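Q: Sharing a structure below in C-alpha cells format, with a few things to ask.
The values are calculated or read from the model by the stated rules, or taken from the named source; none is laboratory data. Computed from a predicted structure; not experimentally measured. Heads up, the Cβs are rebuilt from the backbone with ideal geometry, glycines too, and the neighbour counts pull from every protein chain shown. Heavy atoms of the whole protein, side chains included, go into the accessibility calculation; ligands, DNA and RNA do not. Shrake-Rupley method; radii C 1.70, N 1.55, O 1.52, S 1.80 Å.
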Amino acid sequence: MEITMANSESPLLKRSSHLNRSLEAIGNELRRGFIPLWIYNDEELYRAEMERIFTQNWIFMAHETEIPQAGDFVRRTIAGDRFIVVRGEDKSIRVLFDSCRHRGASVCQGDKGNVKIFVCPYHGWTYSNMGAIDAIPNHKSAFKGLNEEEWGLIPAPRVEFYRGLVFASLEEGVRPLIDHLGDYRWYLDLHLGLSAGGMEVIGEPHRWFLDVDWKSGSENFSGDSYHTQALHQSVLKLGLTPRAAAGASGGKNDIHVTECDGHATSIRRKDPGNIYFWGYPKEVYQHFDMEGFTDAQRDLASESVVHTGTVFPNLSLIHIPLTDDPDKPEFPFFSLRQWNPVGPGRTEVISWILAPKEASPKHKERSYKVATSTFSVSGNFEQDDSIAWAGTARSAGGQFARKTGMTLNYQMGMGHMSEARVLEDWKGPGIVYDTNLEEGVQRTFFNHWYREMLRDINT
C-alpha cells in the first residue's frame, strides 16, 4: 500500500501559511498605529494565541493567601486546561493538571475547598494533595507491577512566585518569572510590597463570562483614561466617583508608562508633595514599609491617586479610590483581574480584591464592598466596559471587517498625531509620557502580542 506524505498543499499547512501572511499584514499596520478589527474575534487567530502565547508564557494562577492552609486548593485554567493550585501537606504550593492518569477524567470536583486527597470518580484512583498516588482499587491484583512514583498527577512544567502571586507556565524552557516581569517590578512592587505584611485576598474572587475578546480587557487596563469621560459619564453624574479618580484625561500629573519589558501602566497623581496613597487613611498608610524602595518610588506611591496596568498577557490591576454611595467618601481598593480566553470572542473574567494585611476588618469590609459595587460582575464601571467591548467582538466576528480590511486607530500619542512628550528625566523604567492622553500603552500590549505571535515563525 502506498503512503502519501503531507505536502505544502495540506489543509493544516495552508492554514498556517494563511495565518502567517495575516500576521505580516498586522505588523505592517501596527507600525503605523493601526489594528485590524477582525483580530478581536477570529477562530484561527484564537487557536494560534493559545499555542504561541498562553502555552509559552507565565500565566497568573492564584494569590498565596487564597490557599493559606494545608489542603486548601483553587481550580484555575491555562489555555482552557484545568489545573489545581493546591497547598500540600508539606505546605508547598503546587499546580497540578486536573486529569487522572488512568483514563484522564477530572479528579477535582469543585472550584475551591480543602482536601487531603483527590479522588477520580471514574475508577477511584486517589491522589494526595501533593499529587502522588494515594490508593488504587484492586491494586495488588490489577496493578501489582505499577511504579506508583511515575503515575501521580502531572505538575505544570514551571511554577514560580512573586510577592504572593503564583504563576505557572506550560513551557519548561520559559525564561525565569523575574525576567518576564523585568523592570515592571519597579511599579508592581508599589502595589504588592508597601504593606509590611503584604497584601491579602479578601472575600471571594468574582468570576463571570463575557462575549468579548480577552485582548480588549488587557489593552484597556494597560491604560485608557480616554474612555472614562465618555463611557463612565453616568457614574460621574451619580457622584460615585470623583473626577480626580476617573475624570477627563490629559491632567498635568497624568502619565503613561510604555514599553516596560512588554508591560504598561497608567498613573494619575496628586501635585508633588501631597500625601495621598490611593486614598488610604493614615492609620493604614502609616504602616507602609518603605524600606528597600527608591526615593522616586516613595514619592510616586505617596502622590498616587489611580494606577491601572497589565502584566502581559492577561493579568491586569487597578488601584483606585471610589464609593458605592454618593453620601459616603471615596474608599481605596486594589484589584487584580484576569482575562481568560475561552473561545473566539469569549472571555472568562476573574477579579480578586486585595487589602493590606495590617488593615482593620472594618477597612477590609468597606474596601470589598466598594470594589464589588464598581469593578465586579455587578459593578457599574464593569457593566459600562463590557457593553463596549462586546460591540467590538460582535463587529470583528462578521464578514464586513474582514472583507474591507477595516482597521482601528491606535495613533494617539504618536509624534505626528499628538502633543504627548517623553519624560526624559523620569526616575523609573520604561518609556514614560507626560500625559495619559496617548495610546502608547495599548501599542505596548500589541507590540508584545505581535512578537509572541511570531514565535513559531522565528524558531
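Q: Using the structure shown, list the pairs from Lys215/Lys252; Lys215/Lys403; Lys237/Lys362; Lys237/Lys270; Lys328/Lys427 with a Cα-Cα distance above 25 Å, or answer none.
A: Lys215/Lys252; Lys237/Lys362; Lys328/Lys427
Q: Next question. Can you tell me which of 336-346, 211-221 comes out highest on packing, and rank the rest after it, using the mean Cβ neighbours within 10 Å?
A: 211-221, 336-346
Q: By the gyration tensor of its Cα atoms, with a ≥ b ≥ c the square roots of the eigenvalues, what is the shape of the stretch 221-378: rounded for a/c under 1.5, prolate for a/b over b/c, or oblate?
A: In terms of gyration-tensor shape, rounded.
Q: Where nothing but the Cβ of Lys and Arg (+1) and of Asp and Glu (-1) is charged, how large is the charge dipole of the chain around its Cα centre, in debye to the nearest 20?
A: I would put it at about 740 debye.
Q: Now a separate question. May I ask you to give the solvent-accessible area per residue for the chain, in square angstrom, as obtained with a 1.4 angstrom probe?
A: About 45 Å² of surface per residue is accessible.
Q: Ranked highest first by the average count of other Cβ atoms within 10 Å around their residues, in what order do 405-414, 444-453, 254-263 fall?
A: The densest-packed peptide leads the list: 254-263, 444-453, 405-414.
Q: If you don't mind, there's one more thing I want to ask. Tell me, what is the FRET efficiency for Glu148 and Leu454 to the nearest 0.05, using R0 = 51 angstrom and their Cβ-Cβ distance as r?
A: Efficiency, from the Cβ-Cβ distance: 0.75.
Q: Suppose we keep just the alpha-carbon trace of the stretch 135-176; what are its Rg and Dmax in angstrom?
A: Calculated on Cα positions, Rg and Dmax stand at 16.5, 48 Å.
Q: Right, another one. Could you give the Stokes-Einstein D for the chain in µm² per second, using the C-alpha Kirkwood radius, 37 °C, 0.692 mPa s?
A: It comes out at roughly 139 µm²/s.
Q: How much net charge surrounds Gly273 when only the other residues with a Cβ under 15 Å from the Cβ of Gly273 are counted, with Lys and Arg +1 and Asp and Glu -1?
A: Cβ neighbours under 15 Å give a net charge of 0.
Q: Spin-label point model (7 Å from Cα, Cβ direction): what's the Asp325 to Arg31 distance in nm?
A: Taking the simple label geometry, Asp325 and Arg31 are separated by 5.7 nm.
Q: Place a point 7 Å from the Cα of Ala390 along the Cα-to-Cβ direction; which residues of the stretch 193-212 have their backbone N under 12 Å from it?
A: 209-212
Q: Order the peptides 382-392, 283-293, 48-58 from the highest to the lowest mean number of other Cβ atoms within 10 Å of their residues.
A: So the order, starting with the most tightly packed, is 48-58, 382-392, 283-293.
Q: Then there is this: Post the alpha-carbon centroid distance, the stretch 205-228 to the stretch 147-171, in whole angstrom.
A: The distance from the Cα centre of the stretch 205-228 to that of the stretch 147-171 comes to 28 Å.
Q: What whole-number distance in Å separates the alpha-carbon centres of the stretch 105-144 and the stretch 370-420?
A: With the stretch 105-144 and the stretch 370-420 each reduced to a Cα centre, they are spaced 44 Å.
Q: Which of the DSSP-defined H helices in the chain satisfy a minimum axial length of 15 Å, computed from C-alpha atoms, and a minimum mean Kyte-Doolittle hydropathy of 0.5?
A: Taking the DSSP H segments of the chain (at least 15 Å long, mean hydropathy at least 0.5), we get none.
Q: Once you put a point 7 Å from the Cα of Met290 and another 7 Å from the Cα of Lys403, both along the Cβ direction, what distance in nm separates them?
A: Between Met290 and Lys403, the label points sit 6.2 nm apart.
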